[in-house]
Amino acid sequence: MSTRFWCESAWVDGQVATGVLLTADDTGTLISVETEIDTPPTIAEVVPGFTLPGGVNAHSHAFHRILRGRTHGDGGTFWSWREVMYSVAAKLSPENYETVARAVFAEMLAGGYTSVGEFHYVHHAPDGTPYGSAHAMERALARAATSAGMRIRLLDTCYLTGGIDSDLSAEQARFGDGTIDGYMDRHSSLSEAFSTEFPVESAGESFVYVGSAIHSIRAVPAANLPRFAELNEPVHVHLSEQPAENEACQAAYGTTPTQVLARSGVVATNLSAVHATHLSEDDIATLGGAEANIVMCPCTEADLADGIGPARELADAGATISIGSDQHVVLDALRETQGLEAGERLRSGQRGRFSPAELITSLTTGGARSLDLPVGELAVGKACDFIAVATDSMRTFGSVGEQIILSATSADVHMSVTGAQVRVRDGVHTELGEISELYRAAFAALEMED
Ligand SMILES: [Zn+2]
């Protein structure tokens, strides 16, 4: 049984096409993409507006969503924000995290994302002891993603030290695996278990993938980093988000975080550097020369007063730019993508630093490369994952072609599809219902006041 969608207009082969007929097989994988079909076939669902490959959210910490709208009262810094974040992390259990993450992934779908790289470090019970049921937190995230219909690359994160040469603090205890061998053993056990439970059989049908992450240069000693160069999977790392991280790295290693990673052999095409805010010219050349991926999170970087990273220079040097929502101050694929260009304009005094087509590429194929997922294009063999944006709303009326990427918001996303199944329609999850009600359940499960 095949499923067909006829799109009024859609992003195909890097341009706007009209009358696009998408046909997916019974695994939800695209088997045909035809353009200039003037009349929708009767068996096809008609998709009005502009259809884009589903947005790829290449950097997420699902539980950080709970902090939204609750950390602005007293100003503060990245570091004081982190203290509040730890207080939420301390409340998480496998049971309530599944409830929280299900709501977040549903909101993410409504916001225009159909795939996520979940940078996950809350592995163990609050005192650091492993849960009796192996990989309990990781399974909770996988169940949350599959129940919402979100495609996930679970970036299993290594977090060994609280800072360079300092032990984990009490609130960080549950992130740690003790030693690099402890991490690698748990990671290979997780990869093995998930490859059995969630076998990768077809692009459309496979929703759970495993990758790895180095939390940051603060959290993994340089001597341990070469172990990540041996991994044949996406490797993500928070890189130079704050000047204090660079200063600590200079003091300990005499060079920048990027160069510490490069010396360890992990700067390669499978590396994604998240933020990459405070870089030297050498760092830009190193990341670009290795054709690494960069995950820019403009809304979070603005919210945490991180600064604006050199995205244009990184792209020109050879890096691939992708988009992430990180701590989810907003979950809006369009606004997040607009933030990339907005930051560039503010720091350069020039418009058009990234063309509308480049912005769409960052949100779609850029993220697909970062997470190594068979998504990001409306093309045969890829998963049938897409979002449809209204072209006749008060925000988008009159927008010309792909310039809608700079005018639409998540309020214009009227349909989100993964594996050829409609997951969210007009802001309501087709299986889970009202997403605000999912949050009501999540806040109750955390015993937090809403
Ligand atoms: Zn992050």
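Data overview
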read-out: Residue satisfying condition, being within 16 Å of the ligand (Cβ to nearest atom), charged (D, E, K, R), touching a Phe, Trp or Tyr at 6+ places or on another chain (Cβ under 9 Å) and under 24 Å from residue 174 (Cβ atoms), within set 65, 139; value: 65
read-out: Spans of helices (runs of 4 or more DSSP H) in the stretch 329-401 with at least 2 residues within 21 Å of residue 278 (Cβ to Cβ) and of a type in the set (A, V, I, L, M); value: 333-348
read-out: Any hit, the stretch 50-57, residues being surrounded by fewer than 23 Cβ atoms within 10 Å (Cβ to Cβ) and either at positive phi or touching a residue at least 60 places away in the same chain (Cβ under 8 Å) (or both); value: no
read-out: Among the residues listed as 252, 305, the single one being open to solvent by 40 Å² or more (accessible area, probe 1.4 Å), within 16 Å of the ligand (Cβ to nearest atom), touching a residue at least 40 places away in the same chain (Cβ under 8 Å) and aliphatic (A, V, I, L, M); value: 305
read-out: Selected residue [surrounded by fewer than 24 Cβ atoms within 10 Å (Cβ to Cβ) and in contact with an Asp or Glu (Cβ under 9 Å, 6 or more places away or on another chain)] from 323, 284; value: 284
read-out: Candidates 89, 24, filtered to the one that is in the same structural domain as residue 276 (by TED's automatic domain parsing), over 18 Å from residue 303 (Cα atoms) and buried (at least 18 other Cβ atoms within 10 Å of the Cβ); value: 89
read-out: Set 71, 42: member being outside any helix (DSSP H, G or I), farther than 29 Å from residue 208 by Cβ and either in contact (Cβ under 8 Å) with a residue 60 or more places away in the chain or away from the ligand (no atom under 16 Å from the Cβ) (or both); value: 42
read-out: Residues located in the stretch 94-123, provided they are open to solvent by less than 10 Å² (accessible area, probe 1.4 Å), in a helix (DSSP H, G or I) and among the small types (Gly, Ala, Ser); value: 101, 103, 106
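The values are calculated or read from the model by the stated rules, or taken from the named source; none is laboratory data. Everything numeric here is computed off the predicted structure, so don't read it as measured data. All Cβ positions, even for glycine, are placed from backbone atoms using ideal geometry, and neighbour counts span all protein chains on display. With ligands, DNA and RNA removed, areas are computed over all heavy atoms of the protein, side chains included. Shrake-Rupley method; radii C 1.70, N 1.55, O 1.52, S 1.80 Å.
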